[in-house]
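Only one structure is covered here, and it is reproduced in the block below.
The values are calculated or read from the model by the stated rules, or taken from the named source; none is laboratory data. Bear in mind that the values here come from a model prediction, so they are computed numbers and not experimental data. Neighbour counts run over all protein chains shown; Cβ positions are idealised from the backbone, glycine included. Just so you know, the surface numbers come from the protein's heavy atoms only, side chains and all, with ligands and any DNA or RNA stripped out. Shrake-Rupley method; radii C 1.70, N 1.55, O 1.52, S 1.80 Å.
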Amino acid sequence: MKKDRFILMSFDVEEFDLPLEYNHSIGLSEQLEVGKAGLDITAALIQDFKIPCTLFTTANFAIHYPESIAEMASHHEIASHTYFHNSFKEADLLLSKQKLEEITGTVVSGLRMPRMQPVDMKAVKAAGYDYDASVNPTLIPGRYNNFHLPRTFYKEEGVIRLPASVTPNARIPLFWLAFKNFPYLLFKKLAIQTIRHDGYLCLYFHPWEFTDISSYQLPGYIKNNCSIRLQNILRKLIEDLQKEGEFLTIRDYLQNCPV
Ligand SMILES: [Zn+2]
């Protein structure tokens, strides 16, 4: 194992509210159940490999499953995915941090906004966060264009910003939709190219992706690869990346890197 390269694998632990984006109703209890089923699958999978990961968790989710989140905090980093997944006000930055710290008994130092929404770094700093992982530094048609932003970590208003990994030149995103939709060998090749170039790889997924979401009315590129099939691809990815570097929580990685 090469100890000078690091894999920062993260999961956005949340209410499964995605059907609402496509104008299909889903109640909060079902959103939470799908999210929890995904968390249980994810927890078992990353426990099999004994890899530390970062779980960006909404306070709302953690309030409903406090024991699970506290248990995860003993092996992984719990960071904030704000308070609610489908609504945001700036006060939620601090409120979600406080609630997650109360539930886990650990310091919450990181933030990722739902859907990578823009957020004011002064407000993030004021709420006491050390880092923000809410940037995908590429063009996602219909969502955002962050092609002009730094590709690797940088500082803004006293907060470290850790973008999701994209490939060095073309900035092909290595986010969850690429993982699901690219042929595995292509994704693996791009991921290895990126970690060898940057020295680290910042990946993110959602636990609900690893449940069976095939019956929901969602676009095929979101739901076609899910459940056990996707779990097996993630296992393969972890095995392949373990040959390239060491898995670390984002907090532990940033504590030792020169930003
Ligand atoms: Zn999310």
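State whether the stretch 115-218 is rounded, prolate or oblate according to the following rule on the C-alpha gyration tensor (a ≥ b ≥ c being the square roots of its eigenvalues): a/c under 1.5 gives rounded; otherwise a/b larger than b/c gives prolate, and the remaining case gives oblate. If you can, show how the numbers build up before the last one.
Numbers: a/c = 1.96, a/b = 1.31, b/c = 1.50.
It comes out oblate by the Cα gyration axes.
Can you compute the charge dipole magnitude of the chain about its Cα centre, using +1 on each Lys and Arg Cβ and -1 on each Asp and Glu Cβ, nothing else charged? Give it in debye, rounded to the nearest 20.
In debye, rounded to 20, the chain gives about 1060.
Assuming R0 = 25 Å, can you tell me the calculated FRET efficiency for the pair E33 and V107, based on Cβ-Cβ distance, to the nearest 0.05? Write out the running numbers ahead of the final one.
Numbers: r = 30 Å, r/R0 = 1.18.
That pair, E33 with V107, gives E of 0.25.
Identify the residues of the stretch 191-206 with backbone N under 12 Å of a label point that sits 7 angstrom from the Cα of K243 along the Cα-to-Cβ direction, or state none. Under cut-off, by backbone N: 192. In loop segments of the stretch 140-185 as defined by DSSP, the chymotrypsin sites (Phe, Trp or Tyr not before Pro) with at most 13 further C-beta atoms inside 10 Å of their C-beta are F147. Rounded, prolate or oblate: which fits the chain, taking a ≥ b ≥ c as square roots of the Cα gyration tensor eigenvalues, rounded meaning a/c under 1.5, else prolate when a/b beats b/c? Rounded. When we measure straight from the Cα of K188, which aspartates and glutamates land under 18 angstrom away, once same-chain ones fewer than 8 places off are left out? Of all the aspartates and glutamates, those that pass the test against K188 - Cα under 18 Å, at least 8 places apart if same chain - are D198, E239, D240, E244, E246.
Rounded if a/c is under 1.5, else prolate if a/b is larger than b/c, else oblate: which is the stretch 24-121, with a ≥ b ≥ c the root eigenvalues of its Cα gyration tensor? Oblate is the answer for the stretch 24-121, as a/c is 1.5 or above yet b/c matches or exceeds a/b. In the complete set of protein chains, residue-level accessible area for D48 is approximately 100 Å², probe 1.4 angstrom. Ordering I51, A91, P118 by the projection of their Cα atoms onto the charge dipole of the stretch 35-148, which places +1 on the Cβ of Lys and Arg and -1 on the Cβ of Asp and Glu, puts P118 at the extreme positive end. Modelled this way, with points 7 Å down the Cα-to-C-beta line, the labels at E90 and N224 are 4.3 nm from one another.
Straight-line reach only, C-alpha to C-alpha below 16 angstrom: list the aspartates and glutamates that K155 could link to, leaving out same-chain residues fewer than 8 apart. Within reach: D120, D130, D132.
Spin-label model, F147 to V259: label points 7 Å out along the Cα-to-beta-carbon direction sit 2.7 nm apart. Candidates V259, Q193, Q31 compared by Cα position along the dipole of the chain: farthest toward the positive end lies Q193, with charges placed on Cβ. Solvent exposure of the chain, expressed per residue, is 42 Å² of accessible area, with all protein chains present and a 1.4 angstrom probe. In this view, the solvent-accessible surface of K236, computed with a 1.4 Å probe and all protein chains in place, comes to about 90 Å². For the chain, the antiparallel share of DSSP beta bridges with both residues in that region comes to about 20%. Protein heavy-atom surface of the chain, 1.4 angstrom probe: 52% of the accessible area is carbon and sulfur, with nucleic acids and ligands not counted.
Where Lys and Arg each count +1 and Asp and Glu each count -1, what net charge lies around S68 among other residues with Cβ under 11 Å from its Cβ? If you can, show how the numbers build up before the last one.
On the way: positive: K36; negative: D40, E67, E71.
Counting the neighbours of S68, the net charge comes to -2.
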